[in-house]
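Since the structure comes first, as structure tokens, the remarks are kept for the end.
The values are calculated or read from the model by the stated rules, or taken from the named source; none is laboratory data. The structure presented is a predicted model; accordingly, all values stated were derived computationally and were not measured. Note that each Cβ is placed from the backbone with ideal geometry, even for glycine, and that neighbours are counted across all protein chains shown.
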Amino acid sequence: MSNDTATPESRPTIRLKPAARKRHGAYESPWLFANDVQMNAEAKALAPGTVVRAETDTGKPLGAYFFNKHPLICARRLSPDPDAVIDTDFFVDRLRRAVAVRDKLIGTPYYRLAHAEGDGLPGTVIDRFGEVVVLQVNTAGMAAFQDVLLSALDAVVAPTAVVLRNDSPARELERLPQEVRVAKGPVPADLTVTENGAVFDIDPVNGQKTGWFFDQRDNRAFAARLAADAEVLDGYCFTGGFAVQAAMGGARRVVGLDRSRPALDAAAAAAARNGVAERCHFAKADIFADLPGRAQNGEAYDLVIMDPPAFVKSRKDVWQGMKAYRKLAKLAAPLVRRNGTLLMCSCSHHVGPDTFAEQVRRGLADARREGRVLRFAGAGVDHPVHPWLPETSYLKALTLALD
């Protein structure tokens, strides 16, 4: 792949089919789908990641796009200006704007620095852990400009280490190879992340995703406020983000459950690091198999948190995923004391907010519990949502007070 089409004079043109014209104005969806594009011989000959000028069938310009004939989303917009120069300065401008918002609203250098289309960087995720940056490139276009992006990162935040976590399933759709490596280093062996006053050890090279889930920062802080003087059950506790912060928020006792022994060990280490080990108890469990027994034994908690991994990873999984969210709410609700709180989460972008809320309501009805919605939230401010891409608003966190 190359970035020879970075300048407008060398940029080829793709056009939409006539029937697709009404769906794509200059400031509408930044994605073009393969079945909307005239896939003529010239378009099919373009190398994956080529920067193209996109137009309607009548020649109306839509902007400068990355193009890849292979995936369904075949073009992703870089700029509404079809003649934009895509160079280091282009990416420096995008990154500076992203950093300015995060530094103002978060205040510490631990955040998602760039959230793909939400920050004008198609298919690209950048997480910042102090002086260490983790970069994940999921499109052929950004892969072609990866070295340019790394130069822009040096200019904006000057990281001492950069980890490439190019191992997501999304890369397969773009026909990109899987890759995990340190592009700049070394990476400190004792790397930590600070969140809401808590400190956690992370491993950006071997850990899950980029090493930490920044999207739940605000929801963890909210849950910690609810945890004061409470008994808390944290299902799918992973490395202890919710559990440890709940204990630091004043919980009398926290029980964390997860299927992963390494994750549980990391959670226990985090509890010890933050001085709350005596109030945190972690156990290996399959949640759907474990919760019924706890209810039968009469266990009850003031706050129950259920933050599972994505139940719906593709559209074909939607029906099964919806049933899973309903069942999880049904199993969790009996463990919530009267006037206690249930926090249900979903990170499945194929399940919309209304659909998720409906499945939780049905689960509560199955459990014969009633309640009130206290809060329905998404990801933090470092995960901006593109107004034309509801897919970028993937996280749902529904908090209910149960009667």
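Can you tell me how many residues in the range 7-33 are assigned to a loop (DSSP other than H, G, I, E, B) and at pLDDT 90 or above? Write out each step before concluding.
Within the range 7-33, the first condition is being assigned to a loop (DSSP other than H, G, I, E, B), and the residues that meet it are 7, 11-12, 17, 24-30.
From what is left, the residues that are at pLDDT 90 or above are 11-12, 17, 30.
Of the residues in the range 7-33, 4 are assigned to a loop (DSSP other than H, G, I, E, B) and at pLDDT 90 or above.
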Task: Some residue of the range 369-379 being over 30 Å from LEU105 (Cβ atoms) and surrounded by fewer than 19 Cβ atoms within 10 Å (Cβ to Cβ) - done: yes
TODO: Output the qualifying pairs, or none if there are none: Cβ atoms under 6 angstrom, residues six or more apart or on different chains, first residue in the range 295-313 and aromatic (Phe, Trp, Tyr), second residue at pLDDT below 95.
DONE: PHE311/GLY321; PHE311/ALA324; PHE311/SER348
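Can you spot a residue in the range 380-396 that is of a type in the set (Asp, Glu) and surrounded by 18 or more Cβ atoms within 10 Å (Cβ to Cβ)?
To start, the set of residues in the range 380-396 that are of a type in the set (Asp, Glu) comprises 382, 391.
Those left that are additionally surrounded by 18 or more Cβ atoms within 10 Å (Cβ to Cβ): 382.
Yes, the range 380-396 contains at least one residue that is of a type in the set (Asp, Glu) and surrounded by 18 or more Cβ atoms within 10 Å (Cβ to Cβ).
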- [ ] Take the residues in the range 281-305 that are outside any helix (DSSP H, G or I) and in contact with a Lys or Arg (Cβ under 8 Å, 6 or more places away or on another chain), then tell me which one is nearest to ALA263 (Cα to Cα).
- [x] LYS284
Open item on the list: Out of everything in the range 171-209 that is within 19 Å of the chain's Cα centre (by Cα) and among the basic types (Lys, Arg), what residue ends up being modelled with the highest pLDDT?
Closed with: ARG171
Open item on the list: Cβ contacts < 6 Å: first residue farther than 25 Å from ASP229 by Cβ and touching a residue at least 60 places away in the same chain (Cβ under 8 Å), restricted to the range 253-276; second residue of a type in the set (Val, Ile, Thr) and buried (at least 22 other Cβ atoms within 10 Å of the Cβ), any location; separation 6+ or different chain. Result?
Closed with: ALA266/THR239
- [ ] Name the one entry in ALA144, ALA161 that is farther than 28 Å from GLN216 by Cβ and either free of Cβ contacts under 8 Å to residues at least 24 places away in the same chain or not assigned by TED's automatic domain parsing to the domain that holds VAL385 (or both).
- [x] ALA144
- [ ] Scan the range 282-303 for residues that are in contact with a Gly (Cβ under 7 Å, 6 or more places away or on another chain) and within 22 Å of ARG225 (Cα to Cα) and report the count.
- [x] 4
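Tell me, please, whether a residue that is of a type outside the set (A, V, I, L, M, F, W, C), under 21 Å from LYS209 (Cβ atoms), assigned to a helix (DSSP H, G or I) and touching a Lys or Arg at 6+ places or on another chain (Cβ under 8 Å) can be found in the range 120-143. Write out each step before concluding.
So in the range 120-143, the residues of a type outside the set (A, V, I, L, M, F, W, C) come out as 120, 122-124, 127-128, 130-131, 136, 138-139, 141.
If we keep only those that are under 21 Å from LYS209 (Cβ atoms) too, we end up with 122-124, 127-128, 130-131, 136, 138-139.
When the remaining residues are screened for being assigned to a helix (DSSP H, G or I), the result is none.
No, the range 120-143 contains no residue that is of a type outside the set (A, V, I, L, M, F, W, C), under 21 Å from LYS209 (Cβ atoms), assigned to a helix (DSSP H, G or I) and touching a Lys or Arg at 6+ places or on another chain (Cβ under 8 Å).
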Task: 1 or more residues of a type in the set (Ser, Thr, Tyr) and out of contact with any Cys (no Cβ under 9 Å at 6 or more places or on another chain): qualifying strands (runs of 3 or more DSSP E) within the range 183-269 - done: 192-195
- [ ] Report, by residue number, each residue of the range 172-191 that is under 16 Å from TRP212 (Cβ atoms) and buried (at least 16 other Cβ atoms within 10 Å of the Cβ).
- [x] VAL187, LEU191
